Amino acid sequence: MSVSTAPQAKAKARLGDVLFAGIARGAGIVILLALAGVAVFLTTEGFPAFTASGAALSGASNFLSYVWPLVFGTLLAATLALLIATPLAVGVAMVIAFYAPRRIAGTVGYLIDLLAAVPSVVYGLWGIGFLGPRLQPVYVWLEENLGFLPFFKGPASSTGRTILTASIVLAIMVLPIITAICREIFSQTPQLHREAAMALGATRWETMRLAVFPYARSGMVSAVMLGLGRALGETMAVAMVLSASGIVTFNLISSSNPATIASNIALNFPEATGLKVNALIASGLVLFVITFAVNFAARAIVARSQKGMK
């Protein structure tokens, strides 16, 4: 006796699922259109500056010589900020996730998250009025004892408003982003992985190194890259703290410091006219490209890490 099976009726899509899918798809399209609009605006308005020279480019002979010191200062400040913030953020995330008691961990986590709510202007005022003057004696000591290194050859700034001070302020500003993401990634590590490592005789640090870090590697890279994006685009805090002169130098404690793209735009745009406006917008296009390249590289690194874990 044969039993015929009727084809199952295709389940109807629920209205909520359809609406959610449409809203999500529409949000993605809006974001892409916004990015495309920004790129078109920056390219169109900044194009005249690519062939300008002289006064329109602050005396530079061409656009490349005008924007290169700004690119150098932007990358230098962001790199120094990450070198300072990343170890501290990962360490704080480890303490919150694994070492500290729950009550203390929650309090510390809230305090770290509150740093993200502080306006950048407040950070700038703190850098000028508190951090800079207190770092100035340290810069004098660095010049006297480590002046043979190009980073500390001096002369030391008398105000403390240096690229190193600005980088420390940036490091504190990106600290909440990196810490929050690393903390969530660490807490999602499978409990069995950690218990297996400790059962084999691993110490807490060895458990972190052998069980937690490999699992959280892609998330840690994403956290650092998000922090880098914040550091690259920060404007007011750097503009207020940094005593910039638009040069290319690795001297971190001198009064002569490279400027960043964002701070240069913020300081010069109100008085700019004509081709000077186009030059500032063109430098913004360069920052847009750098940020896009950083995010693209981060996605590639994360995808490669996830592929290697499979």
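The values are calculated or read from the model by the stated rules, or taken from the named source; none is laboratory data. Remember, predicted model here, so these are calculated numbers, not experimental data. Neighbour counts are summed over all protein chains in view; Cβ atoms, including those assigned to glycine, are modelled from backbone coordinates with ideal geometry.
At a glance:
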read-out: Qualifying residue in the stretch 272-283 (condition: under 22 Å from the mean Cα position of the chain (by Cα) and without any contact (Cβ under 8 Å) to a residue 12 or more places away in the chain); value: no
read-out: Helices (runs of 4 or more DSSP H) (entirely within the stretch 158-255) containing at least 2 residues that are buried (at least 21 other Cβ atoms within 10 Å of the Cβ) and modelled with pLDDT of 90 or more; value: 163-187
read-out: Residue list for the stretch 30-54, filter: touching a residue at least 12 places away in the same chain (Cβ under 8 Å), in a helix (DSSP H, G or I) and aliphatic (A, V, I, L, M); value: Val38, Ala39, Leu42, Ala49
read-out: Set Val92, Val121: member being β-branched (Val, Ile, Thr), closer than 26 Å to Leu228 by Cβ, surrounded by fewer than 14 Cβ atoms within 10 Å (Cβ to Cβ) and in contact (Cβ under 8 Å) with a residue 40 or more places away in the chain; value: Val121
